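Everything on this sheet refers to the single structure shown next.
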Amino acid sequence: MKTKSAILLGMILLLGAAAFAQDRIELFGEYSYLHFSPTISGLNSRSFNGGGAGAQLNFLKIFGIKAEFMGYGSTAFTTTFNSTLILPGGVIPAGTYTSQGDMFTYLLGPVIRIPIPKVTPFAEVLFGGSNTNGYVNLENSINTGGGNISKTPTQHPFTMAFGGGIDIAITKHIAIRPGEIDYVLTRYTNPLTSTNNQNNFRYCGGFVFKF
């Protein structure tokens, strides 16, 4: 919760500062795809589709502070364990389990921009938190199928995104963002094996409105 509060406070300060700036404010809306890699043996990666919005306050044309909020929903998927697994977090009987989940991320951090005519490449490092019910839904599916997995409390772990993208100007105040690629680190504590550090991939694309 402390991480989430810090991000919300940062967003408020960013928008407050933006109110006194001229030609420095960017608001954006994006589609986002997140390829999530759970740290559970036998559990396949998840594909999350979603999107979100945020704001960026730019300084000296090359430096900015960005805040973003993204939400994702996953489609149902099936996971098969060929043999019974006895793990620190419980027992998973051999079988096939179906579950789904969603995820939310809230991130804040610096952006380096290269403002050349019509095109603006950028790189970013964002820090914050995230939340997903994917683990809880998987545990429910396993327990319904005869397993014995203890329920995971709600987690808001440290989350980081590192990457970059490009904006292409359409008009003076509107740009299209054809691609932003990020490595996303999440630190969910896996209830089955007590591991963390999920290494994920993210793509974003959308529109940027400049003021």
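The values are calculated or read from the model by the stated rules, or taken from the named source; none is laboratory data. What you see is a predicted model; the values in this text were computed from it and never measured. We place every Cβ from the backbone using ideal geometry, glycine too, and count neighbours over all the protein chains shown.
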Item to check | Selection count, region 86-103, where residues are surrounded by fewer than 19 Cβ atoms within 10 Å (Cβ to Cβ) and either in contact with a helix residue (DSSP H, G or I) (Cβ under 7 Å, 6 or more places away or on another chain) or part of a strand (DSSP E or B) (or both) | outcome: 9
Checklist outcome for this item: Going through (1) surrounded by 16 or more Cβ atoms within 10 Å (Cβ to Cβ); (2) modelled with pLDDT of 95 or more; (3) of a type outside the set (S, T, Y); (4) closer than 20 Å to F48 by Cβ one by one, I181 fails only at (1)
Checklist outcome for this item: Matching residues in region 90-114 (at pLDDT below 90 and over 14 Å from the mean Cα position of the chain (by Cα)) number 11
Item to check | Tally, over region 21-45, of residues that are assigned to a strand (DSSP E or B) and either touching a Lys or Arg at 6+ places or on another chain (Cβ under 6 Å) or at pLDDT below 85 (or both) | outcome: 3
Checklist entry - Going through region 167-183 one residue at a time, which ones are aliphatic (A, V, I, L, M) and closer than 19 Å to I65 by Cβ? => result A175
Checklist entry - Inside region 118-163, can you point out the residues that are among the aliphatic types (A, V, I, L, M), surrounded by fewer than 19 Cβ atoms within 10 Å (Cβ to Cβ) and either touching a Pro at 6+ places or on another chain (Cβ under 8 Å) or modelled with pLDDT under 90 (or both)? => result V125, V136
Item to check | Matching residues, region 54-74, being among the aliphatic types (A, V, I, L, M), part of a strand (DSSP E or B) and either over 15 Å from L34 (Cβ atoms) or touching an Asp or Glu at 6+ places or on another chain (Cβ under 6 Å) (or both) | outcome: A55, L57, I65, A67
